[in-house]
1. Could you check region 490-512 and list, in sequence order, the residues that are farther than 28 Å from T394 by Cβ and open to solvent by less than 30 Å² (accessible area, probe 1.4 Å)?
2. Which of (1) more than 23 Å from L61 (Cα to Cα); (2) in contact with a Leu (Cβ under 7 Å, 6 or more places away or on another chain) does Y326 not meet, given it meets every other one?
3. Among the candidates I176, I134, single out the residue that is among the β-branched types (V, I, T) and within 21 Å of the chain's Cα centre (by Cα).
4. Here is a list of conditions, (1) in contact with a strand residue (DSSP E or B) (Cβ under 8 Å, 6 or more places away or on another chain); (2) at pLDDT below 90; (3) among the aliphatic types (A, V, I, L, M); (4) surrounded by fewer than 22 Cβ atoms within 10 Å (Cβ to Cβ), and V52 meets all of them except one; can you say which number that is?
5. For the list (1) at pLDDT 85 or above; (2) within 30 Å of the chain's Cα centre (by Cα); (3) not aliphatic (A, V, I, L, M), I need the number of the one condition that W505 fails.
6. Does region 360-382 contain any residue that is open to solvent by 40 Å² or more (accessible area, probe 1.4 Å), more than 29 Å from N123 (Cβ to Cβ) and of a type in the set (A, V, I, L, M)?
7. Can you report the number of residues in region 373-397 which are farther than 26 Å from D311 by Cα and not in a loop (DSSP other than H, G, I, E, B)?
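The values are calculated or read from the model by the stated rules, or taken from the named source; none is laboratory data. Quick caveat, the model's predicted, so the values are computed rather than measured. Methodologically, a virtual Cβ is constructed for each residue, glycine included, from the backbone with ideal geometry; neighbour enumeration extends over all protein chains shown. Note: areas computed on protein heavy atoms with side chains; ligands, DNA, RNA excluded. Shrake-Rupley method; radii C 1.70, N 1.55, O 1.52, S 1.80 Å.
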Amino acid sequence: MHRPTALGGALAALATAAAGVLVAAAVSTTPAAAATGGTGTGYLHTSGNKIVDSTGATVRLTGINWFGMETDNKTFHGLWSSNPWRGQLDTMARLGYNTLRIPYSNDALKPGATATGINDFVNPDLVGLSPLQILDKVIDYAGSKGMRVILDRHRPTSAGQSPLWYTSTVSEATWIADWKMLAQRYANNPTVIGADLHNEPHAEGTNPAATGACWGCGDTARDWRLAAERAGNAILGVQPNWLIFVEGVSCPSGGLSNVWDNDPSNDEDCGWWGGNLSRAGQFPVRLNVANRLVYSPHEYATSVYHQAWFDDPTYPANMPAIWDKYWGYLYKQNLAPIMMGEFGTTLQDPKDKVWLQNLMAYTGSGVTGMSFTYWSWNPNSGDTGGIANDDWTTINQAKQDILQPYLIPPTGGGGNPTPTPTGSGSPSPSPTTPAPTGGCTATYKQVNAWQGGFQGELTVKNTGTAAVNPWSATWTWPSGVTLASGWNATVTQSGTTVTAAAPTWAASLAPGASVTIGFTANGTAAAPASVKLNGTAC
């Protein structure tokens, strides 16, 4: 018998920044092209325990969580950092994360909701946008990199988790209506592939008067399986192409375990919040559209809560049987796909490294393995930390090294990713790098400007007859203009010369192809001068 868990990694995120932006009316995003390669083509569906694309090819979602929209900020955390939002997505894709799970609360969807915690100098293109409009931009850019997006109703309000999918202030009707709104908003955008209906339903109260989420108990006010059917079918009525991601509960009875109340039924086997799908085989979620159901358990290490199984003398050999019991059997018996929506650790305890290594091995290798989205990109998850370090730019290499063999990069995200450098410098282009045969052209667009800085885009086109691999663009700025940030390349500055070196995932610039290098800079707005592609003047 296991004790009920402490809060999952999702609960540790704290909003700490305060810069505000103005609100604007929400508008629909431009439909993105269907993703290809690492995340498949067109919309996704299920086949047995596999997720497959519109052609029937097997797809493995190997993603990451970027939270904040569920907090008081009502938008992504880290927008207060010196790394632009596009730069953060560039890194996620380059590292091999092909899917983005985005938590939100219903507060962020309300008319008049305001996004806060945004560095206006680094992200001037987000000024004045509503939380939904910022979400639109993130989805569009993620889609342009071949990534997929799963929306996660994380909390009814920004105040915190709830054991049930509704509260006294956020009704089931509101929960479903907001899901239908999102399904309609992104109905023609195959970047958005599905809905994680409610985050971490869990036990509360004690039997026989339990008040928490149960599985298969038949009480419509508490049975999460029945609620998932109601919401899932309502969403599929609007957008039948979406996948419906259903998490587990913590205790199938909905009551807390190991409570001294002389009720033996309380002494059931409980797991992580959202992580117990042991009853889903007996009481499966029934959807009106076939091949849309994905079960999505959560799994954590000792940094979140010290479960009894971590002290088993056979640890970690005992873990596969535990995972089998709670959720792995659904995959192994070919009943449904598994997409681990959250799992994470600080790695501070040696047991946690062993846990993560064994968990990844359990999911299987290659495209046929179980899907997952790691918790989290954010470094400010208090009980797990993140893949990003506190600068929101460099990465935690120890975690990345364990996850890397299981990551399938999105198309455009590249293969064999290399880590983000932990220093500020960047190697110079190789002296043997070929110059373009025939030359290049350069065009510049100033995107925005403000007191003390500006944002621009430099597009360099290879007009030669041979590919440039790897490519590197250089330009000069007047004295006093300094680089603040850059994306779509590794951008560095030495004196008045700026170098944009090709990222590993897009090293080659084919004849006739162009690359657009984005940047923000400090100083008086100035166009790049003396632009060169691998030493050839444009």
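1. Passing the criteria: none in range.
2. (1)
3. After ruling out the rest, the residue left standing is I134.
4. (2)
5. Every condition holds for W505 apart from (1).
6. Looking for residues that are open to solvent by 40 Å² or more (accessible area, probe 1.4 Å), more than 29 Å from N123 (Cβ to Cβ) and of a type in the set (A, V, I, L, M), one finds at least one in region 360-382, hence yes.
7. 4
Yes/no per residue for (1) open to solvent by less than 10 Å² (accessible area, probe 1.4 Å); (2) out of contact with any Gly (no Cβ under 9 Å at 6 or more places or on another chain); (3) not in a helix (DSSP H, G or I):
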| position | (1), (2), (3) |
| --- | --- |
| R101 | yes, no, yes |
| D107 | no, yes, no |
| G112 | no, yes, yes |
| I118 | yes, no, yes |
| F121 | no, no, yes |
| D125 | no, yes, no |
| G128 | no, yes, yes |
| Q133 | no, yes, no |
| V138 | yes, yes, no |
